[in-house]
Amino acid sequence: MAEKLNPDGWLDLRLYHAVFVEHITSDIKFCLENKRMVAGAQLLMSAIDVASGIERPRDKLDTTRDDFISWADRYLTLSGPEYTLRGVDLYAARCGLLHGYTAQAKLISQGKAVMLGWLDDMMPPVRANEDQSLVLASLAALFVAFNHGLADSISRINRNEELAALVNERMAFMFQASELDADLKTSLRQTAEDWRETLRANETLAK
């Protein structure tokens, strides 16, 4: 058995914090706090994509619709008096937001999902009209639900040595922002200046 990476398990919590806390959820929080609701919704749908894909089997190259829906059904709970959001509803919202900047999606036209509209914050966090042709959801409440679901998912991964090792490998390749080395900054600035000089010389020759 490999040595644990934290007191409770095998997940690289430093890497998890760098990817999911400092970047993914912090970016969503920034959008919501600054009332950039559509951007926040897009990032939240992408976050579900990432969370649902990190524990897929090693030989499975891509995250699928079923992965997204299954993760959302398992870990995300958001309800109101008339309706409870389902994973398929969120997947349809994801498709519309990311591919068309719209609330419409094929799954909705096929009658397999409901159309979602987003509000900042409201209680109850989900409301629906009588025929459930439109469901309104609180983006703030969904973000809270996502954070709870992510915590539950990560806790389960952390307790599984083999799964944690796989997730650690995947997180190591995820985007992180960091300061460039001073020498590299200088080199890049010089390269940019050389490129501008080349462009100016070519413009002069063209004249």
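Odds and ends about this structure:
- Extension gain (nm, one decimal) between S109 and N34, 0.36 nm per residue minus Cα-Cα: 23.8 nm
- Prolate/oblate/rounded call for the stretch 80-153, Cα gyration tensor, a/c under 1.5 rounded: oblate
- Karplus-based coupling profile of the stretch 18-32, in residue order and whole Hz: 5, 7, 7, 8, 6, 10, 4, 6, 5, 5, 5, 4, 4, 5, 5, with θ = phi - 60° in 6.51 cos²θ - 1.76 cosθ + 1.60 and x standing for Gly or Pro.
- Amide H contacts of M122: A141, each under 5 Å away and 5 or more positions distant or on a separate chain (H built 1.01 Å from N in the peptide plane; Pro and chain starts excluded).
- The phi torsions of the stretch 187-199, fed into the Karplus equation with coefficients 6.51, -1.76 and 1.60 and a -60° offset, translate into couplings of 5, 5, 4, 5, 4, 5, 5, 4, 5, 5, 5, 5, 4 Hz, rounded to whole numbers, with Gly and Pro shown as x.
- Choice from G87, G111, G40 showing the highest fluctuation, given a GNM over the chain with Cα pairs closer than 10 Å: G111
- Fewest-first sequence of W10, W195 by Cβ atoms within 10 Å of each Cβ: W195, W10
- Taking amide H atoms as placed 1.01 Å from N in the peptide plane, the amide H of M174 has no partner under 5 Å among residues 5 or more positions away or on other chains.
- Put a dot 7 Å past the Cα of D66, heading toward its Cβ, do the same for E197, and the two dots end up 5.9 nm apart.
- Extension gain, M122 to F175: 0.36 nm times the residue separation minus the Cα-Cα distance gives 15.8 nm.
- Label-point separation, R156 to T186 (7 Å along Cα→Cβ), nm: 5.2 nm
- Contour excess over end-to-end distance, with Cα ends at S79 and T204 and 0.36 nm allotted per residue: 38.4 nm
- Dipole moment magnitude, nearest 20 debye, the chain about Cα centre, only Lys, Arg, Asp, Glu C-beta charged: 420 debye
- Among beta bridges from DSSP that stay inside the stretch 68-141, the antiparallel ones total about 45%.
- In sequence order, calculated HN-Hα J values of the stretch 44-61 (Karplus, 6.51, -1.76, 1.60; Hz; x Gly/Pro): 5, 5, 5, 4, 5, 4, 5, 4, 6, x, 5, 10, 5, x, 4, 8, 9, 6
- Net dipole in debye of the stretch 107-207 [+1 Lys, Arg Cβ; -1 Asp, Glu Cβ; about Cα centre; nearest 20]: 200 debye
- The chain: calculated mean residue ellipticity at 222 nm from DSSP helix runs of at least 4, using -39500 (n - 2.57): -17500 deg cm²/dmol
- For the chain: rounded, prolate or oblate by the Cα gyration tensor [a/c cutoff 1.5]: oblate
- The stretch 135-190: C-alpha gyration tensor shape, a/c 1.5 cut-off, then a/b vs b/c: oblate
- With the charge dipole of the chain set up from +1 on Lys and Arg Cβ and -1 on Asp and Glu Cβ about the Cα centre, the Cα lying farthest toward the positive end among the listed residues L11, N34, L107 is that of L107.
A short reminder: the numbers here are calculations on the coordinates, not readings from a lab. Note that this is a predicted model, so its numbers are computed, not measured. Note: ideal-geometry Cβ built from the backbone for every residue, glycine included; neighbour counts use all protein chains shown.
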